[in-house]
Amino acid sequence: MNQSKREFNFGHSTNVIIKKLRTTFDKQIVPPARFECLPNELFYEIFDYLDPYDTDQIFLNLNIRFKNLLTQSLLPLKINLSNKLNLSIEERCRHVIIPNKHRLLSLHFNDPLCINTFFIQCNIDSSFSRLESVILNGILEEKILVILFYLNTLSRLFSLTIQCEKTSLLNIADIYRLIFQLPVLKFNNLSLKSASDSSNTLIPVSINVKFSTIEYLIINMRCNVDEITSILYHTPHLRHLSCKQLYQANKITGKEVLLTLPHLIYASFPHCLVTFDVLEVFIKKISAQLQVLRLVTSHDEAYLDVNRWERLIKEYIPHLCKFHFDYGVYHNGTSDVIPDHEANTQFTSTFWIERQWFFKFTDKLNCFLYSIHPISKQWFNSYEQIMGCVNQKTDECTLKSNNISSSFEINQACGPSIQMIIAGYSPSTWNTFHLDRMKLCFQVIPFTHLTIHSNKIPLEVLLKIIRLLPNIIFLEIDSLSTASFRCLENKDIITMFQSVVINNRIRKVKFNNQVETVRTRTLMYLCPRMEYFEMIYTTKNDLENILGFISMKNSTLIPHLCCLSLCVRNVINENIIENLHAIIDFERLFHSQQAFRDYTIQWIQDKIFLQWKL
């Protein structure tokens with residue numbers, strides 16, 4: 001069966017017949033005794049999953065009923081052509097596509113050979129009266145303009161995706177001119193992978209131009225500001241814009257183009273290579289109704305000017321709800337590159353907190369990354385959401401991705417949420433030089449979240465980092481090096497361990513490696529104020545050891561721990577819930593008054609939450 005059939009679900013499609021045919025059956029109705037007695041509605045659902053040619057081969061000659069369903073039906077067809085299919089493209093054109101072209105809803109090509117073979121056998125014209133979606137993957141550059149000319153005859157073409165590997169001979173402006181002439185097009189994704197700076201995408205502005213109906217535009221290629229401005233001039237109905245790479249033009253045209261984009265609410269620039277001065281002028285032209293802005297750049301330090309961002313957003317992007325910003329500084333481990341402490345602190349002002357946009361600083365092996373993102377559902381919010389559900393005494397709890405109120409209240413109570421991520425360092429790269437370079441950053445910025453994505457971080461290094469970050473509330477690490485535990489034989493390390501235990505404020509801990517008793521106990525000793533602990537489930541024996549340790553130490557060593565989360569994403573055929581009940585019953589034989597009082601167990605998505613009262 002062709003599972004890709006379900007992927008086509010373009011919002012502007014008006015597949016009315018399909019909607020009318022779908023029926024919700026009463027569970028109390030006794031199912032038919034024979035396959036052929038099933039209702040037509042159910043067979044239409046089955047046909048929608050199958051390739052049309054396979055459907056004909058299976059059902060056409062079974063009986064007169066199926067023959068009528070397939071030959072006289074107005075059920076739309078979704079065609080996905082690939083050279084991996086058993087039947088040749090020629091045969092499919094002859095027996096399926098041409099006889100049923102008035103029924104085609106979508107026509108997707110997966111390689112250039114399919115495209116060439118199809119257009120030798122058939123031309124797309126107005127007889128494809130219901131065709132709404134066309135995908136041309138791997139189309140040859142010499143075919144694009146001709147095919148676009150034929151597509152102009154389609155009265156219901158809402159979605160068009162074109163992907164071309166080579167465009168050395170093409171004038172890209174000519175492609176867009178033909179795309180903009182498609183009468184009802186709503187979605188367009190144009191991918192030209194080898195388009196160079198010399199490619200011409202600048203579309204002349206004409207007084208009597210016919211504007212495009214496009215609402216969703218993905219420009220999957222290099223484009224300078226003048227070129228994208230000329231494109232946007234022709235798309236006044238645009239709602240969603242994404243440009244893969246925005247680069248600085250060598251020459252500025254100097255001609256001012258006024259843009260009218262009253263519906264544009266989303267803009268994304270995942271690789272922005274222009275200066276902040278150039279981007280600011282461009283943003284002011286498109287920002288009147290903008291609600292979502294995504295920007296990734298590593299050019300021009302002016303992007304870290306917090307005051308400038310605040311003025312731009314207040315004056316020109318008043319409706320902005322979601323701001324995703326990443327700025328990278330590449331250093332290759334050199335000592336002369338240090339984090340910008342001023343930018344780190346200013347991105348945590350009231351302006352950003354009120355909008356629920358939070359700062360994240362990432363220290364990679366060769367890069368510093370400054371990020372601003374809206375608050376989102378993350379592991380450290382799960383505990384508050386689970387607590388809210390239990391306090392309401394609900395029998396079932398479903399977490400929704402947009403339920404952020406509790407986490408926002410936590411952030412308001414604890415001050416600004418500032419996340420520090422350390423990633424990509426191997427044990428051999430941890431050294432005194434690196435910690436000394438980051439020391440000022442750690443001391444100046446009140447980080448509240450610490451995430452370490454590094455393999456087997458030495459315990460001594462973890463202690464030094466936590467000691468430099470006294471405001472940490474959330475701790476996430478991938479793994480600890482057990483070999484490094486020998487450092488606890490050193491008196492100075494023992495003193496530092498005891499100091500960290502006394503002074504740290506860590507309340508929530510996530511351990512991304514598989515459960516290992518020594519590492520888990522070490523983290524619990526290290527974080528006595530821990531309320532929530534998350535780990536990956538491995539075996540029943542490991543679970544017994546962890547729960548046994550918690551039951552013994554819950555009233556002394558870890559008196560605040562009241563929630564254990566088990567990640568069970570890759571667990572198959574395990575009776576984990578039953579095992580939890582059995583282990584807790586066993587522990588209560590020895591700690592009847594203390595162990596897991598009034599506990600509850602909830603399995604939500606890929607996690608099991610064990611929660612109890614203290």
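No value in this document is a laboratory result; all are computed from the given coordinates. Bear in mind the structure is a predicted one, so any value in this text is a computation, not a measurement. Because the Cβ atoms are built from the backbone with ideal geometry, glycine has one as well, and the counts that use them run over all protein chains shown.
Under the simplified labelling scheme, the S155-Y330 pair shows an inter-label distance of 5.4 nm, with each label point 7 Å from Cα along Cα→Cβ. Pairs spanning more than 20 Å between alpha-carbon atoms, out of K210/K284; K166/K285; K360/K439: K210/K284; K166/K285. Packing, taken as the mean count of other beta carbons within 10 Å per residue, orders the peptides 225-235, 463-473 from highest to lowest as 225-235, 463-473. Residue ranges 308-319, 259-270 sort as 259-270, 308-319 when ordered by packing (mean number of other C-beta atoms within 10 Å per residue, highest first). When restricted to Cα atoms, the stretch 80-355 yields an Rg and a Dmax of 21.8, 70 Å, respectively.
Mean separation of Cα pairs under 8 Å and 6 or more residues apart, divided by the residue count, gives the stretch 80-355 a relative contact order of 10 percent. Extension gain, R505 to S555: 0.36 nm times the residue separation minus the Cα-Cα distance gives 16.2 nm. Once the chain from W603 to Q443 is taken as fully extended at 0.36 nm per residue, the excess over their C-alpha distance is 53.6 nm. Averaging the Cα positions of each part gives two centres, and for the stretch 444-476 and the stretch 524-576 these lie 21 Å apart.
Let me know the whole percent of all Cα-Cα pairs from the stretch 474-540 that are separated by more than 15 Å. I get 55 percent for the Cα pairs in the stretch 474-540 exceeding 15 Å.
Note on K322 and A302: with the Förster distance fixed at 22 Å, the Cβ-Cβ geometry gives a FRET efficiency of about 0.45.
Relative contact order of the stretch 521-603: 35 percent, from C-alpha pairs under 8 Å at least 6 residues apart in sequence.
Applying 1/(1 + (r/R0)^6) with r as the Cβ-Cβ distance of H581 and C367 and R0 = 35 angstrom yields a FRET efficiency of 0.15.
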